[in-house]
Amino acid sequence: MKYSHSYWDELPDEGKKAASKLGYTKELWDADKVPESCNKYWEDLDEKQQEGAKEMGHDQKSWNNAQATWKNNTYLLCLSHLCFVLGSIFYLRLAMVSIQWDQYIRAHRVPLNVLVEDDDDIWEEWSHEHGRADILEYREDYWVQYERNNVLGAFSYAVMGFVELLLNRSSCTLHKLLLPLGGLIGMANALHYVGSMMKYGSAVSLTFYLLSCTNLDLFFAGSAIECLVCYAYLAGFDEVWLLYLDLLACLIWLYCALVGVAVQFNFSIKRILGRHQKSVKHKY
């Protein structure tokens, strides 16, 4: 489509007028979303919408061919939404596991000089001295859950990012690579690094999530909160409220994911019903 590689503010006046005839707004255009008219076949567009489509470089054949790709795109969109929901759930579980671990170590008064150590011998020595043999098992279980949820969350977001690239391959820009790259970095970070290196890797991954946002929406807000929490840890802060702020960010991500599923479901139902009504109209 004509002008597809430009942001709204970069469009010439005639491009904005043509897009507006189809129902585009600045918000829809910059977010790579489409108005209701783009879900119709050429024959169902009104005269104004057809005029806008022509000015955007379409004719009846090219417009209807684009509609024919809807089914394949729907599968990709469903995969993207599924990955968004799963990734958000894994990150939410990660936040909850971190809160449980924090409550456990505070209840058992594990000193900071032990907490910062990755050496199992130091932990074993401290547990024997204080009669807390169960803490070794709890610590091992915590790290298993932490790594699993971190890896699966990052993997889900990486897949979501690559699917979004496929859906928008005609207008692929550098910033759209940031989400899948952030997921890949998050996976590598969870699998290969511990201690302070893990914090730096998380900061890079979360910053990529934040920079991948094109609008100041709830996903941006959740990513900004996550970055704030991560940067606070890097700066040496270790307050309990940071864990709950992390939990809030994950809840925001999950809310965004579920809203996306609801919107896609509503769109698909409308599209299916619209095609059914059209076939009935042609039949009779």
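The values are calculated or read from the model by the stated rules, or taken from the named source; none is laboratory data. Please read these numbers as outputs of a predicted model, since none were measured by experiment. All Cβ positions, glycine included, derive from the backbone under ideal geometry; neighbour counts span all protein chains shown. In case anyone asks, the SASA skips ligands and DNA or RNA and just uses the protein heavy atoms, side chains included. Shrake-Rupley method; radii C 1.70, N 1.55, O 1.52, S 1.80 Å.
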Discussion item. What are the pairs with Cβ atoms under 8 angstrom where one residue, in region 48-59, is open to solvent by less than 80 Å² (accessible area, probe 1.4 Å) and the other, located anywhere, is of a type in the set (Asp, Glu)? Sequence gap at least six, or different chains.
Written reply: Glu55/Glu14
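Residue by residue, here is whether (1) without any contact (Cβ under 8 Å) to a residue 12 or more places away in the chain; (2) assigned to a loop (DSSP other than H, G, I, E, B); (3) touching a strand residue (DSSP E or B) at 6+ places or on another chain (Cβ under 8 Å); (4) open to solvent by 40 Å² or more (accessible area, probe 1.4 Å) holds:
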{"site": "Ile122", "(1), (2), (3), (4)": "yes, no, no, yes"}
{"site": "His128", "(1), (2), (3), (4)": "yes, no, no, yes"}
{"site": "Tyr138", "(1), (2), (3), (4)": "no, no, no, yes"}
{"site": "Leu152", "(1), (2), (3), (4)": "no, no, no, yes"}
{"site": "Phe155", "(1), (2), (3), (4)": "no, no, no, yes"}
{"site": "Gly161", "(1), (2), (3), (4)": "no, no, no, no"}
Fill in: Criterion: within 30 Å of Leu248 (Cβ to Cβ), polar (S, T, N, Q) and open to solvent by less than 80 Å² (accessible area, probe 1.4 Å) - qualifying residue of Ser37, Ser88, Ser62, Ser20
Ser88
Worksheet item: Can you tell me which residues in region 18-62 are assigned to a helix (DSSP H, G or I), of a type in the set (A, V, I, L, M, F, W, C) and over 30 Å from the mean Cα position of the chain (by Cα)?
Response: Ala18, Trp42, Ala53
Discussion item. Take Leu210 and tell me if it is part of a helix (DSSP H, G or I) and either aromatic (Phe, Trp, Tyr) or open to solvent by 20 Å² or more (accessible area, probe 1.4 Å) (or both).
Written reply: yes
